[in-house]
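Quick notes on the structure that follows.
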Amino acid sequence: MSATEAARGDRIAKWLSRAGVASRRDAERLLADGAIRLNGKTVTHPATFIGSGDVVQVNGKVVDQPDRTRVWRYHKPEGLVTTHKDPEGRSTVFDKLRHQLPRVISVGRLDLTSEGLLLLTNDGGLARHLELPSTGWLRRYRVRVFGVPNPAALNALSRGVTVGGVRYGPIEAAIDARTGDNTWLAVSLREGRNREIRRVMDHLGLSVSRLIRVAYGPFQLGLLERGGIEEIPPRVLRQQLPAEAGAPPPLSRHRR
């Protein structure tokens with residue numbers, strides 16, 4: 001962003017994303033539909049900047065100024081889907097936390113039967129940045145599978161693997177413990193595609209019976225109880241985000 005743009009504020013799509021109204025892509029659709037007004041006038045061009053004191057309306061409703069960037073650690077239990085609206089009517093993470101948090105989005109997802117650390121934030125731009133494989137954040141899991149894995153097959157995953165025509169990036173997987181017919185694996189990856197671990201393990205002839213995310217980048221599940229939610233202090237965000245992400249978006253601040 002140029003110095004001139006910085007002085008003028010955020011582009012309207014980014015501003016609406018930070019305010020929790022819509023993703024940037026959806027905001028651009030709202031612009032095209034004429035649903036957005038700035039200081040009483042309809043705006044349609046994405047190169048519209050929002051400054052301090054401007055009044056933005058979406059479908060006639062005034063949008064509150066974006067809050068500072070906030071991030072929470074959530075210990076997601078199984079049985080919840082990570083989506084705002086589920087067409088099948090299943091319980092969602094956001095329904096569960098509706099009365100505890102402002103409007104937030106997830107950094108990545110955990111599917112219905114997966115558990116563990118889910119990062120939640122009110123900053124859509126930050127969420128997208130942290131999800132990118134190019135950001136380089138490692139996601140670590142404990143995975144229980146039925147059967148005894150072949151160590152050589154696990155080691156080969158570090159070179160990437162193609163399953164069903166889909167190419168998955170390098171995965172680090174090692175045997176952690178064995179209990180009867182079950183084996184616990186320590187699994188690490190950087191992409192985190194939909195059901196990636198389950199599909200790769202099935203490709204190796206292993207059935208996943210439990211999947212727990214224990215870390216996302218520098219943030220750990222730790223001793224956070226199942227269903228527990230805890231905000232990451234701003235000081236910790238300032239320490240961790242720049243160092244881990246290279247050049248992440250700057251933390252948003254209150255506008256007065």
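The values are calculated or read from the model by the stated rules, or taken from the named source; none is laboratory data. Here the structure is a predicted model, which means the values were calculated and not measured. Neighbour counts run over all protein chains shown; Cβ positions are idealised from the backbone, glycine included.
Here is the figure for region 214-240: residues that are under 16 Å from the mean Cα position of the chain (by Cα) and of a type in the set (A, V, I, L, M) total 6.
Put simply, of Leu204, Leu211 the only residue that is farther than 21 Å from Leu132 by Cβ, modelled with pLDDT of 95 or more and in contact with a Ser or Thr (Cβ under 6 Å, 6 or more places away or on another chain) is Leu211. Taking the criterion of being touching a Leu at 6+ places or on another chain (Cβ under 8 Å), assigned to a loop (DSSP other than H, G, I, E, B) and surrounded by fewer than 14 Cβ atoms within 10 Å (Cβ to Cβ), would at least one residue in region 178-192 satisfy it? No - not one qualifying residue is present in region 178-192. Report whether or not Gly124 is farther than 18 Å from Leu189 by Cα and more than 14 Å from the chain's Cα centre (by Cα). When the stated conditions are applied, Gly124 does not pass them. Only a single item in (1) on the phi < 0 side of the Ramachandran plot; (2) within 16 Å of the chain's Cα centre (by Cα) is not met by Gly108, and it is number (1).
For region 64-82, the candidate set comprises residues that are outside any strand (DSSP E or B) and modelled with pLDDT of 90 or more; within that set, the residue that is surrounded by the most Cβ atoms within 10 Å (Cβ to Cβ) is Leu80.
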